[in-house]
């Protein structure tokens, strides 16, 4: 597979270990003869080490055969987070270290998660594009605040801190974008 075909969530083989690509940045060359670079950031699933590498668009990378399955988060404990396949009811556990970036969005019972599985082993998860979380701590709501007014920081049930409009109060459910940790709207 060529570097320009790799997407976020892809799993590649790097030095014999599977690496999940968490971020992808395309840097276009400024000169006519320059090559477009694909900067990839991810995590080595075996060692847990961070991965950062740049490739030219036509560099060949070895992708790993994976299966994507819909899972639901069951619970989080000392071992990590446990997920259940919604069709086969098979359970998988991933350590908190491998879920470092996703932990801020995971709640018990969360659906819409996609598990990335290779040879019967859960390698990583892909979050839904947005999740609903409750505001647990923020300054009091401003009654006269308009919807386009200033924002204030709010702490959500998972510990994630986001900027929200001033009119929202503690206890309200809001929708958060999992790509950039930004407020989308009140949850319906």
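Computed from the coordinates by the stated procedures, all read-outs in this text should not be read as laboratory data. For clarity, every value in this text was computed on a predicted model and none was experimentally measured. Glycine gets a Cβ as well: all are built from the backbone with ideal geometry, and neighbour counts include every protein chain shown.
Here the spin labels are modelled as points 7 Å beyond Cα on the Cα-Cβ line, and at residue 97 and residue 70 they lie 3.3 nm apart. For the chain, the calculated P(r), taken from all Cα-Cα distances in 5 Å bins from zero up to the bin holding the longest distance, is 1, 7, 14, 16, 15, 13, 11, 10, 7, 4, 1, 0 percent.
The mean sequence distance of close C-alpha pairs (under 8 Å, at least 6 residues apart), as a share of the length of the chain, puts its relative contact order at 14 percent. On the beta carbon distance between residue 134 and residue 24, with R0 = 30 Å, the FRET formula returns roughly 0.45. Taken over the stretch 67-126, the percentage of Cα pairs per 5 Å bin, counting from 0 up to the bin with the maximum distance, is 4, 21, 36, 27, 10, 1.
Taking a ≥ b ≥ c as the square roots of the eigenvalues of the Cα gyration tensor, the stretch 3-63 is classed as prolate, since a/c reaches at least 1.5 and a/b is larger than b/c.
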